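What follows is a short report on a single structure.
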Amino acid sequence: MRMLWRVMLAVLLVAGGPAMAQAPLEVMSFNIRYANENDGANAWSKRREVTAAMLKKAAPDLFGTQELLKVQGDFLAARLKNYAWFGVGRRGGEEDEHMGIFYRTDRLRLIKSGDFWLSETPEVPGSSAWGADLPRLATWGLFETIDGKRRFYAFNTHLPHRDQDEGARTNGAALVLKRIEAMAGDLPVVLTGDFNTTPGSEAHKLLATRLTDARDSAPRKIGPEETFHNFTGKADKRIDWIFTRGFTAKRVTTITDHQGVVQTSDHFPVMAELGWPRR
């Protein structure tokens, strides 16, 4: 797909076509499942090469991960050409799970980045609230295309997982939305995450008041709608979303790559092709 866009862009430029024929932004949300050697056939040591191969083939410009441990982030950065990543552990520092954001350094430049916790004290590392049993956070970055012509914000998060955490999920979504509106100004925004709840929930409804669910709006959808499959390959609920503001979703793909019983994760990654705002 990226090669097709490069050919189209070259033809337009030779023909004197508009500069707005810039290649779309390819964004992925991916709960990678933390490195757990008790996962049997899907222990990280057994699926890491399958995961790296999937990401090489998909070649997103940016992907937000959930549950990422540093050992996983460093492995993928070493395996994937032209990618860098950033983020902190949910208790601060390098331990525990990260909301790591990866980006292609040949396509994007990171201008600044940061983190905030989904709590009543968002700047306090490891803080939690609203009855959640674990700290939850969001990681963000301000990016610029390598040609310096476009800027956008990316936010990545992972909401609480228990059935009784619906209130915490709604409050967390509200905080993320508040930060997006305070930080991003008029710039385009992409929000990736494992939201641990389905469309129709209060968290989804709240985010949809200001953002657009790429799956709902894209005219072309590939792969199953559901994303969580618990290493079975048969997903039963859509809890991994890509929301946008300013972008236009052209295509959304749920990626089901696997090698025999070995999956890339217990979630299917979701990828969106996003058209830039018109100028």
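The values are calculated or read from the model by the stated rules, or taken from the named source; none is laboratory data. None of the values given here were measured: they were computed from a predicted structure. Because the Cβ atoms are built from the backbone with ideal geometry, glycine has one as well, and the counts that use them run over all protein chains shown.
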I'm trying to understand the selection: among the residues of region 228-244, which are crowded, with 20+ Cβ neighbours inside 10 Å and either of a type outside the set (Phe, Trp, Tyr) or modelled with pLDDT under 95 (or both)? Ala235, Arg238, Ile239, Asp240, Ile242, Thr244
Could you check region 134-177 and list, in sequence order, the residues that are within 18 Å of Ala203 (Cβ to Cβ) and small (Gly, Ala, Ser)? Ala138, Gly167, Ala168, Gly172, Ala173, Ala174
When you look at Asp115, is it more than 16 Å from the chain's Cα centre (by Cα) and among the charged types (D, E, K, R), yes or no? no
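Residue-by-condition table, conditions (1) surrounded by fewer than 20 Cβ atoms within 10 Å (Cβ to Cβ); (2) touching a residue at least 60 places away in the same chain (Cβ under 8 Å):
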{"position": "Lys81", "(1), (2)": "yes, no"}
{"position": "Ala84", "(1), (2)": "yes, no"}
{"position": "Gly92", "(1), (2)": "yes, no"}
{"position": "Tyr103", "(1), (2)": "no, no"}
{"position": "Leu108", "(1), (2)": "no, no"}
{"position": "Lys112", "(1), (2)": "yes, no"}
{"position": "Phe116", "(1), (2)": "no, yes"}
{"position": "Glu120", "(1), (2)": "yes, no"}
{"position": "Glu123", "(1), (2)": "yes, no"}
Note: among Lys56, Lys46, just one is surrounded by fewer than 17 Cβ atoms within 10 Å (Cβ to Cβ), touching a residue at least 60 places away in the same chain (Cβ under 8 Å) and charged (D, E, K, R), namely Lys46
For region 195-205, which positions are assigned to a helix (DSSP H, G or I), surrounded by fewer than 21 Cβ atoms within 10 Å (Cβ to Cβ) and in contact (Cβ under 8 Å) with a residue 24 or more places away in the chain? Glu202
Check on Leu55, of a type in the set (A, V, I, L, M, F, W, C), more than 24 Å from the chain's Cα centre (by Cα) and either part of a helix (DSSP H, G or I) or modelled with pLDDT under 95 (or both): no
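Would you check if there is a residue in region 228-245 being within 13 Å of the chain's Cα centre (by Cα) and either of a type outside the set (A, V, I, L, M, F, W, C) or farther than 30 Å from Ile111 by Cα (or both)?
Looking for residues that are within 13 Å of the chain's Cα centre (by Cα) and either of a type outside the set (A, V, I, L, M, F, W, C) or farther than 30 Å from Ile111 by Cα (or both), one finds at least one in region 228-245, hence yes.
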Filter result (within 21 Å of Trp44 (Cβ to Cβ), touching a Pro at 6+ places or on another chain (Cβ under 9 Å) and in contact (Cβ under 8 Å) with a residue 60 or more places away in the chain) within region 243-276: Ile255, Asp257, Pro269
Of the conditions (1) of a type outside the set (Val, Ile, Thr); (2) more than 16 Å from Phe152 (Cα to Cα); (3) over 14 Å from the mean Cα position of the chain (by Cα), the single one that Leu108 does not satisfy is (2)
List every residue pair whose Cβ atoms lie under 6 Å apart, where the two residues are 6 or more positions apart in sequence or sit on different chains, the first residue falls within region 151-171 and is among the basic types (Lys, Arg), and the second residue, located anywhere, is surrounded by fewer than 23 Cβ atoms within 10 Å (Cβ to Cβ) and part of a strand (DSSP E or B). Arg151/Glu144
Among the residues of region 59-79, write down those that are crowded, with 20+ Cβ neighbours inside 10 Å and not in a helix (DSSP H, G or I). Pro60, Asp61, Leu62, Phe63, Gly64, Thr65, Gln66, Glu67, Leu68, Leu69
Extreme residue, surrounded by the fewest Cβ atoms within 10 Å (Cβ to Cβ), among residues of region 206-223 that are within 17 Å of the chain's Cα centre (by Cα) and charged (D, E, K, R): Asp216
